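Report on the structure given below.
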Amino acid sequence: MVRKPTPKKSRRTTSKTKNPLVGIVMGSQSDWEIMRHAADTLKKLGIPNEVAVHSAHRTPERLVTWVKDVEERGAKVFIAGAGMAAALPGVVAAMTPKPVFGCPMETRVMGGIDSLLSMVQMPGGIPVGVLAIGRAGAVNAALLSAAVLAIGDEKIAKSVDKFRIQQTKAVPIKPK
Ligand code: RP5
C-alpha cells in the first residue's frame, strides 16, 4: 500500500491566536531575532498576542488581510518591526485607528538609522509611536502596549506593576 505523504505545513502560514490583544508583525523572518523579545515580554505579562511576518513591500495584500483579520479577532494594539525603508508600521497605522508601535531594526549599512527615520517621519494624521533601534525597542513596544491595555484592564495593570517590581529587585546595588 502506498502511503500518501503528510502535507507539509507551509512556512508562510500564520497560526491564529485565540483572542489576541496585540498583533505583532515584522517585515521579514530576519527580524524575528529582535521581535521575539516583544512577544516574550508580552508572554511574561500574560498578554495574548499573535505574531506574523508580512512585508509592506514584498507581500502588501497579505499584510492588509492580516491587519483586518487580527483586528476583527480582538487586537487592540499593534507592534510592527521592520528594517531599511521601514514602511511597515506606517502602513499598519494607515489601516487602523488603534495604537501602532514601530520597532526599527538595526541594519548593516546604516546601523538602523534608516529604519528609525523611515518610521518616525510619518505625515500628520497617521501616528506611529516609534521605539529605540533593536532589542530595547522591541521590549519597550511590548511594555507600552501593556500600559495602553492596562488603562482598561485591572489584571494587565497588576501584571505590569509586578513586572516593574521584579525588574527593580533584579538590579544589583553593587556590581557582581
Ligand atoms: C525589511 O527589510 C525587513 O523588515 C528587514 O528588516 C529588511 C531586510 O529583509 P531581508 O532581506 O532580511 O528579508 O523589509
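Filter segment 145-159 for residues that are touching a residue at least 40 places away in the same chain (Cβ under 8 Å) and surrounded by fewer than 17 Cβ atoms within 10 Å (Cβ to Cβ) and give the result. Within segment 145-159, K155 is the sole residue that qualifies.
For beta carbons closer than 6 Å, sequence separation of 6+ or different chains, a first residue in segment 17-44 that is more than 20 Å from L63 (Cβ to Cβ) and a second that is hydrophobic (A, V, I, L, M, F, W, C) and part of a helix (DSSP H, G or I), the qualifying pairs are H37/A138; H37/V139; T41/V139; T41/A142; L42/A142.
Note on segment 104-129: residues that are within 14 Å of the ligand (Cβ to nearest atom) and not in a helix (DSSP H, G or I) total 9.
Do we have V160 as more than 16 Å from the ligand (Cβ to nearest atom), within 12 Å of the chain's Cα centre (by Cα) and modelled with pLDDT of 95 or more here? Against the criterion (more than 16 Å from the ligand (Cβ to nearest atom), within 12 Å of the chain's Cα centre (by Cα) and modelled with pLDDT of 95 or more), V160 does not qualify.
Checking every residue in segment 74-85 against the condition of being free of Cβ contacts under 8 Å to residues at least 12 places away in the same chain, more than 16 Å from the ligand (Cβ to nearest atom) and within 24 Å of A147 (Cα to Cα) gives zero matches.
Of all residues in segment 56-68, exactly one satisfies the criterion of being away from the ligand (no atom under 16 Å from the Cβ) and without any contact (Cβ under 8 Å) to a residue 24 or more places away in the chain, namely T65. In the set (1) over 27 Å from G125 (Cα atoms); (2) of a type outside the set (G, A, S); (3) near the ligand (Cβ under 10 Å from one of its atoms), V53 fails one condition alone, (1). Here A141 does not fit the description of being surrounded by fewer than 19 Cβ atoms within 10 Å (Cβ to Cβ), out of contact with any His (no Cβ under 7 Å at 6 or more places or on another chain), among the small types (G, A, S) and modelled with pLDDT of 95 or more.
Cβ separations smaller than 6 Å between residues 6+ apart or across chains give the following pairs from segment 88-109 residues that are acidic (D, E) to residues that are modelled with pLDDT of 95 or more: E106/G112; E106/I133; E106/G134. For S28, the conditions (1) closer than 21 Å to R135 by Cβ; (2) more than 13 Å from the ligand (Cβ to nearest atom) are fulfilled apart from (2). A residue that is out of contact with any strand residue (DSSP E or B) (no Cβ under 7 Å at 6 or more places or on another chain) and over 20 Å from G137 (Cβ atoms) cannot be found anywhere in segment 22-40.
The values are calculated or read from the model by the stated rules, or taken from the named source; none is laboratory data. All values derive from a computational prediction rather than experimental measurement. We place every Cβ from the backbone using ideal geometry, glycine too, and count neighbours over all the protein chains shown.
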